[in-house]
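Q: Take this structure first; my questions come after.
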Amino acid sequence: MSGPRRLLLVNGPNLNLLGVREPDVYGHQTLADVEELVREAAAERGYEVRAVQSNHEGVLIDAIHEARTDCAGIVINPGGLTHTSVVLRDALSGVSLPVAEVHISDVAQREEFRHFSYVADVAVVHVVGEGVPGYATAVHRLCDLL
Ligand code: CA2
């Protein structure tokens with residue numbers, strides 16, 4: 001059976017600041033660089049990408065719901081919502097698509113409040129602490145499962 005050849009890339013709050021602020025933690029690459037990297041990795045596997053970044057939880061949830069009918073999987077860095085959002089987790093679990101969770105920094109080595117993820121157990125792929133290249137790793141590991 002052939003499904004949609006599209007992935008949804010979701011970047012959560014504040015990730016629009018990538019490359020602009022806190023380069024010591026998140027590096028020098030921008031959100032545009034992330035989106036380009038993900039599009040290239042997905043293209044290698046025969047997928048196109050719809051990318052969304054928002055600082056508003058509801059916008060992210062709407063995008064996840066819309067993916068239900070026309071995407072094969074979701075690559076998401078939920079930003080700080082990782083550690084706070086039951087509603088984001090419910091949206092991901094509600095659409096029944098395979099999810100890859102990405103974190104640029106090594107959250108396990110940072111503050112205690114970053115150690116717990118509401119998304120972790122609804123995701124089938126986890127890439128943590130590999131920097132921006134971790135997004136490409138996530139695409140490939142997700143595509144291996146599709
Ligand atoms: O390491 C990651 O990718 C995080 O998901 C990034 C989140 C943080 O809350 C998570 O604990 C780990 C923060 C995203 C904000 O990104 C910024 C980028 C540049 C400057 C300021 C914030």
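Q: Treat each spin label as a single point 7 Å out from the Cα along the C-beta direction, and report the ASP70 to ASN55 distance in nm.
A: Result for the modelled spin labels: 2.8 nm.
Q: State, as an integer percentage, the relative contact order of the chain based on alpha-carbon contacts under 8 Å between residues 6 or more apart.
A: On the way: 274 pairs, mean separation 39.9, N = 146.
Value for the chain: 27 percent.
Q: Here's a follow-up. Per residue of the chain, what 222 nm ellipticity follows from adding -39500 (n - 2.57) for every DSSP H run with n ≥ 4, rounded to the nearest 500? Display every interim value, and only then the final one.
A: On the way: 5 runs with 55 residues, N = 146.
Per the formula, -11500 deg cm²/dmol.
Q: Binning every alpha carbon pair distance of the range 64-120 at 10 Å from zero, what are the percents per bin?
A: Cα pair-distance distribution for the range 64-120, in percent: 23, 52, 21, 4.
Q: Moving on to the next point. Check THR84: other-chain or 5+ apart residues with amide H under 5 Å from its amide H, H built from backbone geometry?
A: Amide H neighbours of THR84: TYR118.
Q: Could I ask something else about it? Using alpha-carbon positions, what is the distance between the centroids of the range 81-146 and the range 48-65, in Å?
A: 15 Å
Q: For the chain, count all C-alpha to C-alpha pairs, find those more than 22 Å apart, and express that count as a whole percent of the total.
A: Values: 3323 of 10585 pairs.
Roughly 31 percent, rounded to a whole number.
Q: Right, here's the next one. What distance in nm separates the two pseudo spin-label positions at HIS140 and ALA120, each 7 Å out from Cα along the beta-carbon direction?
A: In this crude spin-label approximation the distance works out to 2.5 nm.
Q: Build a GNM of the chain with springs between Cα atoms under 10 Å: which of THR69, THR82, THR30 gets the top mean-square fluctuation?
A: Result: THR69 has the largest fluctuation of those listed.
Q: How far apart, in nanometres, would the label points at VAL20 and GLU44 be if each is projected 7 angstrom from Cα along the Cα-to-Cβ direction?
A: Label at VAL20, label at GLU44, 2.9 nm between them.
Q: If you don't mind, another one. Quick one: what are the phi-derived ³J(HN,Hα) couplings along the range 3-10, Karplus 6.51/-1.76/1.60 with θ = phi - 60°, whole Hz, x for glycine and proline?
A: With coefficients 6.51, -1.76 and 1.60, one gets x, x, 9, 9, 10, 9, 9, 10 Hz.
Q: Take each of the peptides 46-52, 107-113, average the number of other beta-carbon atoms within 10 Å over its residues, and list them starting from the highest.
A: Values: 46-52: 16.0, 107-113: 10.6.
Packing proxy ranking, top to bottom: 46-52, 107-113.
Computed from the coordinates by the stated procedures, all read-outs in this text should not be read as laboratory data. From a predicted model like this one, the values you see are computed outputs, not experimental measurements. Glycine also receives a Cβ, built like all others from the backbone with ideal geometry; neighbour counts cover every protein chain displayed.
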